[in-house]
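These notes concern the structure reproduced below.
The values are calculated or read from the model by the stated rules, or taken from the named source; none is laboratory data. This is a predicted model, so every value here is computed, not measured. Ideal geometry is used to build each Cβ from the backbone, glycine not excepted, and the neighbour counts take in all protein chains shown.
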Amino acid sequence: MSIAFETEARVARLMSDYMHCIDDERYEEWPDFFIEECVYRIITRESRDRGHLAGIVECESRGMLRDRINSMRRANVYEPHVYRHLLGPLRIVSEDEHGIRARTGFCAMRVVQGQSAEIFVTGVYDDLIRKEQDRLKFAERVVTLDSSRIDTLLVIPL
């Protein structure tokens, strides 16, 4: 097995495990996919293209990710729903001493109990992935949404 193939397989497994964690509503496990000092940002394509750095959601540590989940569980008021993610092909952009850069398109379907599934968001994940204790984890996950229109509160992680 070549190193490139092994890297791609390990990153694909990370992506799959991440999606299943969210889609299976195991939200408390979600921060564990990130290293301690990390970046998780959700931004629109329009904002990115204009050079705006601030995202709709901006977290800079695993602790901030845990706070988002605690807030979601205890403080936020929102219509109960779940996501079902569909991933596009994974592309390894580069691999060097800083980590693995990967890019993956996605679609998140939103399902509200008693209603039809609907396309909630589409976009791309731009990731910096590092090895931590023999496990791949996200050092940076930038979620760029194709549309600047989001019809509801972004509570559940993408």
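Hey, any hits in the range 130-151 for a residue that's farther than 30 Å from Ala4 by Cα, touching a Phe, Trp or Tyr at 6+ places or on another chain (Cβ under 9 Å) and either among the small types (Gly, Ala, Ser) or loosely packed, with under 13 Cβ neighbours inside 10 Å (or both)?
First, the residues of the range 130-151 that are farther than 30 Å from Ala4 by Cα: 147-151.
Narrowing the set further to residues that are touching a Phe, Trp or Tyr at 6+ places or on another chain (Cβ under 9 Å) leaves 150-151.
So of that shortlist, the ones also either among the small types (Gly, Ala, Ser) or loosely packed, with under 13 Cβ neighbours inside 10 Å (or both) come out as 151.
So far as the range 130-151 goes, yes, one or more of its residues are farther than 30 Å from Ala4 by Cα, touching a Phe, Trp or Tyr at 6+ places or on another chain (Cβ under 9 Å) and either among the small types (Gly, Ala, Ser) or loosely packed, with under 13 Cβ neighbours inside 10 Å (or both).
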| field | Any chance Val39 is modelled with pLDDT of 90 or more, under 19 Å from Glu132 (Cα atoms) and β-branched (Val, Ile, Thr) | value | yes
| remark: Within the range 103-116, restricting to residues that are exposed (fewer than 13 other Cβ atoms within 10 Å of the Cβ) and small (Gly, Ala, Ser), the one that is nearest to Arg149 (Cα to Cα) is Ser116
| So, of the residues in the range 10-29 that are surrounded by 14 or more Cβ atoms within 10 Å (Cβ to Cβ) and hydroxyl-bearing (Ser, Thr, Tyr), which turns out to be farthest from Leu86 (Cα to Cα)? | Tyr27
| Where in the range 1-116 are the strands (runs of 3 or more DSSP E), entirely inside, with at least 1 residues that are acidic (Asp, Glu)? | 34-44, 57-59, 81-96
| message | Take the residues in the range 82-102 that are of a type outside the set (A, V, I, L, M) and crowded, with 16+ Cβ neighbours inside 10 Å; name whichever of them is farthest from Glu8 (Cα to Cα). | response | Tyr83
| Restricting attention to the range 123-157, which residues are assigned to a loop (DSSP other than H, G, I, E, B) and closer than 23 Å to Asp32 by Cβ? | Gln133, Asp134, Leu154, Val155, Ile156, Pro157
| remark: Condition set hydrophobic (A, V, I, L, M, F, W, C) and farther than 20 Å from Pro31 by Cβ, scope the range 142-158, selection farthest from the chain's Cα centre (by Cα): answer is Ile150
| Restricting to the range 108-141, what's the tally of residues that are farther than 20 Å from Met72 by Cα, within 15 Å of the chain's Cα centre (by Cα) and among the hydrophobic types (A, V, I, L, M, F, W, C)? | 6
| query | Counting only residues that are surrounded by 15 or more Cβ atoms within 10 Å (Cβ to Cβ) and in contact with a Cys (Cβ under 8 Å, 6 or more places away or on another chain), how many does the range 30-76 have? | reply | 11
